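Below is one structure, written out as structure tokens; comments come after it.
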Amino acid sequence: MTALGLSAEDEAIRERARRFVDDELIPWEVHAEEHDGHIPEDVREGQRRLARELGLASMNMPKELGGGGFTMLQQVLVSEQIGRVTNALGWCVSTPPAWAPAVCSEEQMERWIVPAVRGEKHECYAITEEGAGSDVDAIASTARRDGDDYVLNGVKMHVTSYNAADWIFFQAKLQGGEHEGEHALFFVEKDTPGVRLVREPRYTHTYPDTHAIVAFEDVRVPAANLVGAEGDGMSFTHEWFRYERLMIAARCCGAMERLIDEATRFAKDRVQFGEPIIRFQAVGHMLADSATDLWASRLMTYEVARGIDAGVDLKVQHAQCSLAKLYASEAAGRVADRAVQIFGGRGYMRENVAERFYRELRVDRIWEGTSEIQRNIVADQLAKRGVTGIL
Ligand SMILES: Cc1cc2nc3c(=O)[nH]c(=O)nc-3n(C[C@H](O)[C@H](O)[C@H](O)COP(=O)(O)OP(=O)(O)OC[C@H]3O[C@@H](n4cnc5c(N)ncnc54)[C@H](O)[C@@H]3O)c2cc1C
């Protein structure tokens, strides 16, 4: 065992991811920022290819399907490194839905999931609606069985990566039948008649992937496109939330490390009043507080991952993933704010890493459940199990 209780294999994976991020991704950040998030397509393709060759792509999927078969801790270590780069350049390390192999039919695996593991096809998630954000159960989208098909209707918003996706996971409530009002999830090919892009609004970050508003108007899909059984829809979403919340915590740790590293280097070089500014206690303390935020977030995130690898109870996992996301995303926001302050006017320039992270990290307190919702989840589990039941 080495530092932080990592095995030699864990460390090797982390170092492979770190080198990939340092050598291949970080050098393209400023270009991406200056080109609406885009880099040349051949460079992007080269990054995707290398991520696959290094065994980082589809790290969450089973080896038999061509994935990495990594432990949860190893996935956290890779995500942490991915979090060190801005402009979503790290998204070349894709993670298809790990819950899929357990519930998808053979046809669904062959048509959608296995190509996603190989990086040949990409998905996006259409769950949120104008009237249903934190309250997912308030969705108004409907799925009505009609012979061998389902007919889908609804308008979804914030559909991330719609522009890069081949198919959409569409969540709706069933209309009619014995599961009336329950949730169901469907595979919908993007070019199915009735799927209409309404618009792609601009967001705070400079990413190449859009967050679209998409209308589904009498979209007819075969019953074979239903994921699992009628009424199962919410359980996949919960599993995805748990996974993504932990990976957000990991990416926030990476962002904090990068910010502290860059701000420390700057503070040692930058001279004002005849001294490097790191000698001023006000600046040194900001760095010390940031290192404390990182260390606490990292220990928490690694520990949650270890618990999942050890098979702790699902409800406990749910509460702990919320704790880690809540703590690390709020800590990362504090660290980015301090880094901008340490860089002074330079920290307000888009070519500066602190400026980019200051904008980009804000969404980590919103997506996959806001900080308030994470607190609600933790409070609910505390009420049910007590503190020793979840920690
Ligand atoms: C960049 C981006 C990408 C996204 N990608 C996707 C995607 O790919 N697919 C998808 O389906 N969705 C996506 N989302 C949606 C995201 O999951 C929601 O924005 C998020 O869950 C919050 O919902 P909301 O925006 O409707 O806010 P609301 O639910 O309207 O919340 C507004 C405010 O009220 C607070 N609030 C709400 N309920 C409570 C409560 N019970 N207790 C205390 N406070 C409460 C919230 O915390 C928040 O501060 C994305 C969002 C963003 C910004």
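The values are calculated or read from the model by the stated rules, or taken from the named source; none is laboratory data. These numbers come from a predicted model, not from an experiment. Every residue, glycine as well, gets a Cβ built from its backbone with ideal geometry; the counts of neighbours run over all protein chains shown. All accessible areas refer to the heavy atoms of the entire protein, side chains included, with ligands and DNA or RNA removed. Shrake-Rupley method; radii C 1.70, N 1.55, O 1.52, S 1.80 Å.
Return a yes/no flag: does region 197-204 have any residue that is in contact with a Gly (Cβ under 9 Å, 6 or more places away or on another chain), in contact (Cβ under 8 Å) with a residue 60 or more places away in the chain and open to solvent by 30 Å² or more (accessible area, probe 1.4 Å). Among the residues of region 197-204, not one is in contact with a Gly (Cβ under 9 Å, 6 or more places away or on another chain), in contact (Cβ under 8 Å) with a residue 60 or more places away in the chain and open to solvent by 30 Å² or more (accessible area, probe 1.4 Å), which makes the answer no. Within region 315-332, does at least one residue satisfy the condition of being without any contact (Cβ under 8 Å) to a residue 40 or more places away in the chain and in a helix (DSSP H, G or I)? Checking region 315-332: not a single residue is without any contact (Cβ under 8 Å) to a residue 40 or more places away in the chain and in a helix (DSSP H, G or I). Tallying residues that are open to solvent by 10 Å² or more (accessible area, probe 1.4 Å) and in contact (Cβ under 8 Å) with a residue 12 or more places away in the chain within region 93-108 yields 10. Within region 172-220, restricting attention to residues that are part of a strand (DSSP E or B), more than 26 Å from the chain's Cα centre (by Cα) and on the phi < 0 side of the Ramachandran plot, the residue that is farthest from the ligand (Cβ to nearest atom) is ARG220.
Pairs meeting the criteria (first residue in region 112-125 and within 19 Å of ASP209 (Cβ to Cβ) and away from the ligand (no atom under 15 Å from the Cβ), second residue modelled with pLDDT under 95 and among the polar types (S, T, N, Q), beta carbons under 9 Å, at least 6 apart or on different chains) are ALA116/SER94; GLY119/SER94. Of the residues screened, GLN374 is one that is within 15 Å of the ligand (Cβ to nearest atom) and in a helix (DSSP H, G or I). Does ASP380 qualify as being within 16 Å of the ligand (Cβ to nearest atom) and touching a helix residue (DSSP H, G or I) at 6+ places or on another chain (Cβ under 9 Å)? Yes; evaluated as a whole, the condition is true for this residue. Of all residues in region 333-366, those that are without any contact (Cβ under 8 Å) to a residue 60 or more places away in the chain and within 16 Å of the ligand (Cβ to nearest atom) total 4. Here GLY90 clears all of (1) away from the ligand (no atom under 16 Å from the Cβ); (2) over 18 Å from ALA172 (Cβ atoms); (3) touching a residue at least 40 places away in the same chain (Cβ under 8 Å); (4) not β-branched (Val, Ile, Thr) except the condition numbered (1).
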